[in-house]
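The values are calculated or read from the model by the stated rules, or taken from the named source; none is laboratory data. All values reported here derive from a predicted model rather than from experimental measurement. Neighbour counts run over all protein chains shown; Cβ positions are idealised from the backbone, glycine included. Note: areas computed on protein heavy atoms with side chains; ligands, DNA, RNA excluded. Shrake-Rupley method; radii C 1.70, N 1.55, O 1.52, S 1.80 Å.
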Amino acid sequence: MPVYLDYAATTPLDARVLMAMQPYLTEVCGNPSSLHCFGQAARRGVMRAREETAALIGASPSEVFFTSGGTESDNWALRGLAEERRKAGCRHIVTSAVEHPAVRETCRDLAAHGYALTEVPVDAAGRVAPSDVAAALREDTALVTIMTANNEVGTLQPIAEIGALLRARGIPFHTDAVQAAGHVPLDVEELHVDALSLSAHKFCGPKGVGVLYVRRTLRIAPLLYGGAQERDMRAGTENVAGIVGCGCAATIARVEMGAEDVRLRAAAASLRTALSDIDGIRFYGPREERLAGILSFGIRDIPQDTLLIRLDLAGFAVSGGSACSAGAAHPSHVLCAMGCPPEEARTAIRVSLGRFTREDDVAAFADTVRAIAKE
Ligand code: PLP
(Lines give C-alpha, C1' and ligand atoms only; values in the text may rest on other atoms or scores of the structure.)
Protein backbone atom coordinates (compact mmCIF):
# COMPACT_ATOMS: atom_id res chain seq x y z
CA MET A 1 0.00 0.00 0.00
CA PRO A 2 1.56 3.36 -1.01
CA VAL A 3 2.13 5.87 1.76
CA TYR A 4 0.31 9.21 1.50
CA LEU A 5 2.49 12.14 2.59
CA ASP A 6 0.68 14.95 0.75
CA TYR A 7 -1.74 16.24 3.42
CA ALA A 8 -1.20 19.87 2.41
CA ALA A 9 -2.67 19.07 -1.02
CA THR A 10 -5.68 17.34 0.52
CA THR A 11 -6.48 14.97 3.36
CA PRO A 12 -8.33 11.66 3.59
CA LEU A 13 -11.89 11.95 4.90
CA ASP A 14 -12.05 10.93 8.58
CA ALA A 15 -14.37 7.90 9.01
CA ARG A 16 -16.26 9.80 11.76
CA VAL A 17 -16.95 12.60 9.29
CA LEU A 18 -18.18 10.13 6.67
CA MET A 19 -20.59 8.67 9.23
CA ALA A 20 -21.95 12.12 10.06
CA MET A 21 -22.42 12.90 6.36
CA GLN A 22 -24.05 9.65 5.29
CA PRO A 23 -27.67 10.33 6.34
CA TYR A 24 -27.54 13.64 4.46
CA LEU A 25 -26.60 11.83 1.25
CA THR A 26 -29.57 9.48 1.55
CA GLU A 27 -32.61 9.79 3.82
CA VAL A 28 -32.25 13.46 4.85
CA CYS A 29 -32.68 14.42 1.22
CA GLY A 30 -34.52 17.72 1.60
CA ASN A 31 -33.55 21.13 0.32
CA PRO A 32 -32.84 23.32 3.38
CA SER A 33 -35.07 26.00 1.84
CA SER A 34 -38.09 23.65 1.79
CA LEU A 35 -40.70 24.02 4.52
CA HIS A 36 -41.50 20.30 4.89
CA CYS A 37 -39.88 18.02 7.45
CA PHE A 38 -37.19 16.78 5.03
CA GLY A 39 -36.15 20.35 4.29
CA GLN A 40 -36.19 21.31 7.95
CA ALA A 41 -34.04 18.30 8.91
CA ALA A 42 -31.49 19.35 6.31
CA ARG A 43 -31.66 22.94 7.55
CA ARG A 44 -30.96 21.80 11.13
CA GLY A 45 -27.88 19.91 9.85
CA VAL A 46 -26.58 23.07 8.18
CA MET A 47 -27.30 25.16 11.28
CA ARG A 48 -25.41 22.76 13.53
CA ALA A 49 -22.46 22.72 11.11
CA ARG A 50 -22.43 26.52 11.11
CA GLU A 51 -22.13 26.53 14.90
CA GLU A 52 -19.41 23.85 14.86
CA THR A 53 -17.39 25.66 12.18
CA ALA A 54 -17.78 29.03 13.91
CA ALA A 55 -16.40 27.48 17.11
CA LEU A 56 -13.20 26.47 15.28
CA ILE A 57 -12.33 30.13 14.61
CA GLY A 58 -13.97 31.94 17.51
CA ALA A 59 -16.66 33.46 15.27
CA SER A 60 -20.38 33.79 15.75
CA PRO A 61 -22.44 31.38 13.57
CA SER A 62 -24.07 34.35 11.80
CA GLU A 63 -20.62 35.36 10.49
CA VAL A 64 -20.00 31.98 8.78
CA PHE A 65 -20.93 31.51 5.11
CA PHE A 66 -20.50 28.17 3.35
CA THR A 67 -18.91 28.12 -0.12
CA SER A 68 -17.57 25.55 -2.57
CA GLY A 69 -14.03 25.69 -1.15
CA GLY A 70 -11.03 27.81 -0.36
CA THR A 71 -10.74 29.17 -3.89
CA GLU A 72 -14.30 30.51 -3.90
CA SER A 73 -13.89 31.96 -0.39
CA ASP A 74 -10.73 33.81 -1.44
CA ASN A 75 -12.31 35.08 -4.66
CA TRP A 76 -15.42 36.21 -2.84
CA ALA A 77 -13.51 37.97 -0.06
CA LEU A 78 -11.25 39.87 -2.45
CA ARG A 79 -13.75 40.68 -5.18
CA GLY A 80 -16.58 41.40 -2.75
CA LEU A 81 -14.46 43.71 -0.61
CA ALA A 82 -12.79 45.40 -3.57
CA GLU A 83 -16.18 46.17 -5.12
CA GLU A 84 -17.58 47.53 -1.88
CA ARG A 85 -14.52 49.67 -1.08
CA ARG A 86 -14.35 51.09 -4.59
CA LYS A 87 -17.56 52.97 -3.77
CA ALA A 88 -15.50 54.93 -1.23
CA GLY A 89 -12.79 55.62 -3.82
CA CYS A 90 -10.41 52.95 -2.46
CA ARG A 91 -8.69 51.04 -5.26
CA HIS A 92 -5.42 49.82 -3.76
CA ILE A 93 -4.81 46.24 -2.60
CA VAL A 94 -1.94 44.97 -0.45
CA THR A 95 -0.93 41.31 -0.45
CA SER A 96 2.22 39.24 0.12
CA ALA A 97 4.60 37.71 -2.40
CA VAL A 98 3.90 34.14 -1.21
CA GLU A 99 0.12 33.77 -1.50
CA HIS A 100 -1.66 30.74 -2.93
CA PRO A 101 -2.82 31.23 -6.56
CA ALA A 102 -6.42 31.57 -5.31
CA VAL A 103 -5.40 34.91 -3.80
CA ARG A 104 -2.45 35.81 -6.03
CA GLU A 105 -4.32 35.39 -9.32
CA THR A 106 -7.45 37.09 -8.01
CA CYS A 107 -5.37 40.10 -6.93
CA ARG A 108 -3.70 40.15 -10.33
CA ASP A 109 -7.05 40.03 -12.08
CA LEU A 110 -8.28 42.94 -9.96
CA ALA A 111 -5.07 44.78 -10.89
CA ALA A 112 -5.86 44.16 -14.55
CA HIS A 113 -9.25 45.78 -13.93
CA GLY A 114 -8.11 49.09 -12.48
CA TYR A 115 -6.91 48.35 -8.94
CA ALA A 116 -3.37 49.17 -7.84
CA LEU A 117 -1.56 46.21 -6.26
CA THR A 118 1.35 46.09 -3.83
CA GLU A 119 3.02 42.74 -3.10
CA VAL A 120 4.89 42.92 0.20
CA PRO A 121 8.15 40.90 0.23
CA VAL A 122 9.06 38.13 2.68
CA ASP A 123 12.31 37.22 4.45
CA ALA A 124 14.34 34.03 3.92
CA ALA A 125 11.91 32.11 6.16
CA GLY A 126 8.94 33.24 4.05
CA ARG A 127 7.67 35.69 6.66
CA VAL A 128 6.08 39.09 6.10
CA ALA A 129 7.23 41.96 8.35
CA PRO A 130 4.26 43.95 9.78
CA SER A 131 6.35 47.10 9.25
CA ASP A 132 6.45 46.35 5.49
CA VAL A 133 2.66 46.04 5.46
CA ALA A 134 2.38 49.37 7.30
CA ALA A 135 4.77 50.98 4.81
CA ALA A 136 2.71 49.71 1.85
CA LEU A 137 -0.54 51.33 3.02
CA ARG A 138 -1.97 54.30 1.13
CA GLU A 139 -4.85 56.69 1.65
CA ASP A 140 -6.83 54.66 -0.87
CA THR A 141 -5.97 51.15 0.38
CA ALA A 142 -9.13 49.12 -0.06
CA LEU A 143 -8.03 45.93 1.68
CA VAL A 144 -5.08 43.84 2.80
CA THR A 145 -4.88 40.08 2.29
CA ILE A 146 -2.09 38.02 3.87
CA MET A 147 -2.24 34.24 4.30
CA THR A 148 -2.15 32.72 7.80
CA ALA A 149 0.14 29.80 6.90
CA ASN A 150 2.01 29.09 3.71
CA ASN A 151 1.04 25.97 1.77
CA GLU A 152 4.54 25.21 0.45
CA VAL A 153 6.86 25.80 3.39
CA GLY A 154 4.46 26.06 6.37
CA THR A 155 5.50 29.54 7.57
CA LEU A 156 2.98 31.15 9.95
CA GLN A 157 2.53 34.87 9.41
CA PRO A 158 2.23 37.47 12.23
CA ILE A 159 -1.49 37.87 11.54
CA ALA A 160 -2.46 39.30 14.95
CA GLU A 161 0.18 42.03 14.68
CA ILE A 162 -0.80 42.93 11.12
CA GLY A 163 -4.48 42.80 12.11
CA ALA A 164 -3.93 45.20 14.99
CA LEU A 165 -2.21 47.79 12.83
CA LEU A 166 -4.89 47.56 10.14
CA ARG A 167 -7.67 47.79 12.71
CA ALA A 168 -6.13 51.04 13.97
CA ARG A 169 -6.20 52.38 10.39
CA GLY A 170 -9.72 51.08 9.67
CA ILE A 171 -8.58 48.97 6.68
CA PRO A 172 -10.37 45.62 6.08
CA PHE A 173 -8.10 42.60 6.57
CA HIS A 174 -8.63 39.20 4.92
CA THR A 175 -6.56 36.13 5.66
CA ASP A 176 -6.41 32.90 3.69
CA ALA A 177 -6.34 30.40 6.55
CA VAL A 178 -6.90 27.36 4.34
CA GLN A 179 -3.71 25.62 5.49
CA ALA A 180 -3.91 26.81 9.09
CA ALA A 181 -7.54 26.12 9.99
CA GLY A 182 -7.94 22.87 11.89
CA HIS A 183 -4.20 22.71 12.57
CA VAL A 184 -3.40 25.71 14.74
CA PRO A 185 -5.72 27.61 17.11
CA LEU A 186 -7.41 30.52 15.33
CA ASP A 187 -9.54 33.20 16.91
CA VAL A 188 -10.84 35.93 14.65
CA GLU A 189 -11.07 38.38 17.57
CA GLU A 190 -7.50 37.85 18.73
CA LEU A 191 -6.23 37.98 15.14
CA HIS A 192 -8.19 41.18 14.36
CA VAL A 193 -9.22 39.79 10.97
CA ASP A 194 -12.37 40.92 9.16
CA ALA A 195 -12.61 38.04 6.69
CA LEU A 196 -11.07 34.56 6.76
CA SER A 197 -11.15 31.68 4.27
CA LEU A 198 -10.96 27.99 5.16
CA SER A 199 -11.52 24.71 3.36
CA ALA A 200 -12.82 21.44 4.87
CA HIS A 201 -10.66 19.08 2.80
CA LYS A 202 -7.51 20.36 4.48
CA PHE A 203 -8.59 19.02 7.90
CA CYS A 204 -10.03 15.60 7.06
CA GLY A 205 -13.39 16.93 5.88
CA PRO A 206 -14.89 16.58 2.41
CA LYS A 207 -13.62 18.29 -0.75
CA GLY A 208 -15.72 21.04 -2.31
CA VAL A 209 -16.77 22.79 0.93
CA GLY A 210 -15.29 26.00 2.21
CA VAL A 211 -16.16 28.84 4.51
CA LEU A 212 -15.83 32.56 4.34
CA TYR A 213 -15.99 34.23 7.73
CA VAL A 214 -17.20 37.82 7.39
CA ARG A 215 -17.13 40.09 10.44
CA ARG A 216 -20.66 41.28 11.16
CA THR A 217 -19.70 44.94 10.72
CA LEU A 218 -18.01 44.39 7.34
CA ARG A 219 -19.79 45.24 4.11
CA ILE A 220 -19.02 42.85 1.28
CA ALA A 221 -20.72 42.36 -2.08
CA PRO A 222 -21.94 38.82 -2.95
CA LEU A 223 -19.96 36.84 -5.52
CA LEU A 224 -22.83 34.62 -6.69
CA TYR A 225 -26.31 35.98 -7.31
CA GLY A 226 -29.50 33.92 -7.34
CA GLY A 227 -31.57 32.48 -4.51
CA ALA A 228 -31.66 33.75 -0.94
CA GLN A 229 -29.42 31.04 0.54
CA GLU A 230 -26.77 31.91 3.14
CA ARG A 231 -28.77 34.97 4.22
CA ASP A 232 -28.82 36.42 0.68
CA MET A 233 -25.04 36.43 0.50
CA ARG A 234 -24.18 33.22 -1.40
CA ALA A 235 -26.81 31.88 -3.75
CA GLY A 236 -27.18 28.20 -4.65
CA THR A 237 -28.68 25.12 -2.99
CA GLU A 238 -26.45 24.16 -0.09
CA ASN A 239 -24.08 21.18 -0.32
CA VAL A 240 -25.80 19.80 2.78
CA ALA A 241 -23.79 16.61 3.28
CA GLY A 242 -20.55 18.47 2.62
CA ILE A 243 -21.47 21.24 5.04
CA VAL A 244 -22.39 18.70 7.73
CA GLY A 245 -19.02 17.04 7.08
CA CYS A 246 -17.25 20.39 7.41
CA GLY A 247 -18.88 20.98 10.80
CA CYS A 248 -18.03 17.51 12.08
CA ALA A 249 -14.42 17.79 10.82
CA ALA A 250 -14.13 21.21 12.50
CA THR A 251 -15.23 19.78 15.85
CA ILE A 252 -12.81 16.85 15.63
CA ALA A 253 -9.96 19.17 14.63
CA ARG A 254 -10.74 21.59 17.45
CA VAL A 255 -10.73 18.84 20.07
CA GLU A 256 -7.71 16.91 18.76
CA MET A 257 -5.55 19.78 17.47
CA GLY A 258 -3.30 20.12 20.51
CA ALA A 259 -2.25 16.45 20.74
CA GLU A 260 -1.97 16.19 16.97
CA ASP A 261 0.34 19.19 16.81
CA VAL A 262 2.70 17.63 19.36
CA ARG A 263 2.74 14.28 17.52
CA LEU A 264 3.31 15.81 14.07
CA ARG A 265 5.96 18.21 15.32
CA ALA A 266 7.92 15.26 16.72
CA ALA A 267 7.48 13.23 13.51
CA ALA A 268 8.60 16.14 11.30
CA ALA A 269 11.59 16.82 13.58
CA SER A 270 12.73 13.20 13.41
CA LEU A 271 12.29 13.24 9.62
CA ARG A 272 14.42 16.37 9.36
CA THR A 273 17.10 14.82 11.58
CA ALA A 274 17.10 11.60 9.53
CA LEU A 275 17.59 13.57 6.30
CA SER A 276 19.96 16.24 7.53
CA ASP A 277 23.27 14.54 6.74
CA ILE A 278 22.36 13.87 3.08
CA ASP A 279 24.97 15.55 0.92
CA GLY A 280 23.55 18.73 -0.68
CA ILE A 281 20.22 18.77 1.20
CA ARG A 282 18.58 22.14 1.91
CA PHE A 283 15.49 22.73 4.02
CA TYR A 284 13.11 25.61 3.36
CA GLY A 285 10.97 27.54 5.81
CA PRO A 286 11.49 28.51 9.45
CA ARG A 287 12.31 26.20 12.39
CA GLU A 288 9.73 27.94 14.63
CA GLU A 289 6.33 29.58 14.04
CA ARG A 290 5.41 27.04 11.41
CA LEU A 291 2.81 24.40 10.69
CA ALA A 292 3.83 21.11 12.30
CA GLY A 293 3.19 18.81 9.35
CA ILE A 294 4.90 20.49 6.37
CA LEU A 295 8.56 19.89 5.52
CA SER A 296 10.06 21.35 2.35
CA PHE A 297 13.51 20.36 1.11
CA GLY A 298 15.60 19.85 -2.00
CA ILE A 299 18.76 17.90 -2.77
CA ARG A 300 21.40 19.55 -4.95
CA ASP A 301 21.56 18.08 -8.48
CA ILE A 302 18.36 16.02 -8.07
CA PRO A 303 15.58 17.76 -10.03
CA GLN A 304 12.19 17.84 -8.34
CA ASP A 305 10.54 15.65 -11.00
CA THR A 306 13.21 12.96 -10.72
CA LEU A 307 12.85 12.80 -6.95
CA LEU A 308 9.04 12.79 -7.09
CA ILE A 309 8.95 9.98 -9.65
CA ARG A 310 11.51 7.89 -7.78
CA LEU A 311 9.55 8.34 -4.55
CA ASP A 312 6.28 7.50 -6.25
CA LEU A 313 7.78 4.30 -7.68
CA ALA A 314 9.00 3.45 -4.18
CA GLY A 315 5.46 3.96 -2.82
CA PHE A 316 5.56 7.47 -1.34
CA ALA A 317 3.17 10.21 -2.50
CA VAL A 318 4.58 13.71 -1.98
CA SER A 319 4.47 16.83 -4.14
CA GLY A 320 6.70 19.47 -5.60
CA GLY A 321 5.97 22.80 -3.94
CA SER A 322 2.19 22.76 -4.12
CA ALA A 323 -0.35 20.56 -5.84
CA CYS A 324 -1.62 23.59 -7.75
CA SER A 325 1.79 24.30 -9.30
CA ALA A 326 2.56 20.64 -10.09
CA GLY A 327 3.66 20.32 -13.70
CA ALA A 328 4.36 24.05 -13.96
CA ALA A 329 7.56 24.87 -15.82
CA HIS A 330 8.47 27.80 -13.60
CA PRO A 331 10.04 27.42 -10.16
CA SER A 332 7.94 28.09 -7.06
CA HIS A 333 7.17 31.81 -6.58
CA VAL A 334 7.23 31.16 -2.84
CA LEU A 335 10.82 29.86 -2.78
CA CYS A 336 11.94 32.57 -5.21
CA ALA A 337 10.39 35.24 -2.98
CA MET A 338 12.36 33.73 -0.07
CA GLY A 339 15.54 34.42 -2.01
CA CYS A 340 16.14 30.90 -3.27
CA PRO A 341 17.80 30.90 -6.72
CA PRO A 342 15.43 29.53 -9.41
CA GLU A 343 17.68 26.56 -10.22
CA GLU A 344 17.75 25.56 -6.56
CA ALA A 345 13.98 26.03 -6.27
CA ARG A 346 13.57 23.47 -9.05
CA THR A 347 14.86 20.76 -6.70
CA ALA A 348 12.36 21.42 -3.88
CA ILE A 349 9.71 18.95 -2.79
CA ARG A 350 7.05 19.22 -0.09
CA VAL A 351 6.32 16.42 2.37
CA SER A 352 3.19 16.92 4.44
CA LEU A 353 2.20 14.70 7.35
CA GLY A 354 -1.25 14.42 8.88
CA ARG A 355 -3.76 12.57 11.01
CA PHE A 356 -3.18 9.08 9.63
CA THR A 357 0.60 9.33 9.12
CA ARG A 358 2.43 6.67 11.16
CA GLU A 359 5.89 7.14 12.60
CA ASP A 360 7.24 4.03 10.84
CA ASP A 361 6.05 5.38 7.46
CA VAL A 362 8.04 8.54 8.10
CA ALA A 363 11.13 6.48 8.97
CA ALA A 364 10.72 4.36 5.83
CA PHE A 365 10.34 7.52 3.75
CA ALA A 366 13.59 8.94 5.17
CA ASP A 367 15.43 5.67 4.36
CA THR A 368 14.14 5.83 0.77
CA VAL A 369 15.22 9.46 0.26
CA ARG A 370 18.66 8.63 1.65
CA ALA A 371 18.97 5.64 -0.72
CA ILE A 372 17.95 7.73 -3.75
CA ALA A 373 20.40 10.50 -2.79
CA LYS A 374 23.23 7.96 -2.38
CA GLU A 375 22.68 6.61 -5.90
N1 PLP B 1 -5.40 28.69 -0.18
C2 PLP B 1 -4.41 27.87 0.22
C3 PLP B 1 -3.34 28.39 1.13
C4 PLP B 1 -4.39 26.53 -0.19
O5 PLP B 1 -3.41 25.74 0.21
C6 PLP B 1 -5.44 26.07 -1.05
C7 PLP B 1 -5.43 24.69 -1.56
O8 PLP B 1 -4.39 24.09 -1.74
C9 PLP B 1 -6.45 26.96 -1.42
C10 PLP B 1 -6.39 28.27 -0.98
C11 PLP B 1 -7.57 26.55 -2.31
O12 PLP B 1 -8.49 25.77 -1.57
P13 PLP B 1 -9.50 24.79 -2.32
O14 PLP B 1 -8.69 23.63 -2.80
O15 PLP B 1 -10.47 24.38 -1.26
O16 PLP B 1 -10.14 25.54 -3.41
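Below, the figures for the structure above:
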read-out	value
Top-ranked residue of the range 61-87 - restricted to ones that are part of a loop (DSSP other than H, G, I, E, B) and in contact (Cβ under 8 Å) with a residue 24 or more places away in the chain, ranked as nearest to the ligand (Cβ to nearest atom)	Gly69
Pair list, Cβ under 6 Å, 6 or more apart: the range 200-225 residue more than 19 Å from Gly354 (Cα to Cα) and among the basic types (Lys, Arg), other residue away from the ligand (no atom under 14 Å from the Cβ) and open to solvent by less than 10 Å² (accessible area, probe 1.4 Å)	Arg216/Glu63
Filter pass, Leu13 being in contact with a His (Cβ under 9 Å, 6 or more places away or on another chain), open to solvent by 20 Å² or more (accessible area, probe 1.4 Å) and either touching a residue at least 24 places away in the same chain (Cβ under 8 Å) or more than 18 Å from Val255 (Cα to Cα) (or both)	yes
Among the candidates Glu83, Glu52, Glu72, residue that is open to solvent by 30 Å² or more (accessible area, probe 1.4 Å) and touching a Gly at 6+ places or on another chain (Cβ under 8 Å)	Glu52
Residue in the range 293-301 that is surrounded by fewer than 21 Cβ atoms within 10 Å (Cβ to Cβ) and modelled with pLDDT under 95 present	yes
Verdict on Gly258 being within 16 Å of the ligand (Cβ to nearest atom) and either buried (at least 21 other Cβ atoms within 10 Å of the Cβ) or farther than 19 Å from Glu152 by Cβ (or both)	no
Per-region count, the range 326-351, residues crowded, with 20+ Cβ neighbours inside 10 Å, over 25 Å from Lys374 (Cβ atoms) and either among the polar types (S, T, N, Q) or at pLDDT below 95 (or both)	2
Meets criteria (touching a Leu at 6+ places or on another chain (Cβ under 6 Å) and not polar (S, T, N, Q)) for Ile220	yes
Qualifying residue in the range 227-239 (condition: polar (S, T, N, Q), more than 30 Å from His192 (Cβ to Cβ) and not in a helix (DSSP H, G or I))	yes
Verdict on Gly245 being over 19 Å from Gly154 (Cα atoms), within 16 Å of the ligand (Cβ to nearest atom), open to solvent by less than 60 Å² (accessible area, probe 1.4 Å) and touching a residue at least 12 places away in the same chain (Cβ under 8 Å)	yes
Filter pass, Leu212 being within 16 Å of the ligand (Cβ to nearest atom) and open to solvent by 60 Å² or more (accessible area, probe 1.4 Å)	no
Residue match in the range 20-40 (condition: open to solvent by 30 Å² or more (accessible area, probe 1.4 Å), within 16 Å of the ligand (Cβ to nearest atom) and among the acidic types (Asp, Glu))	no
Single match in Glu139, Glu105 (criterion: open to solvent by 30 Å² or more (accessible area, probe 1.4 Å), within 16 Å of the chain's Cα centre (by Cα) and without any contact (Cβ under 8 Å) to a residue 40 or more places away in the chain)	Glu105
Filter result for the condition that a residue is in a helix (DSSP H, G or I), open to solvent by 10 Å² or more (accessible area, probe 1.4 Å), touching a residue at least 24 places away in the same chain (Cβ under 8 Å) and of a type in the set (D, E, K, R), over Arg310, Arg355, Arg282	Arg310
Search result, residues across the range 88-105 that are assigned to a helix (DSSP H, G or I) and within 9 Å of the ligand (Cβ to nearest atom)	Pro101, Ala102, Val103
All positions within the range 214-243 that are β-branched (Val, Ile, Thr) and in contact with a strand residue (DSSP E or B) (Cβ under 6 Å, 6 or more places away or on another chain)	Val214, Ile220, Ile243
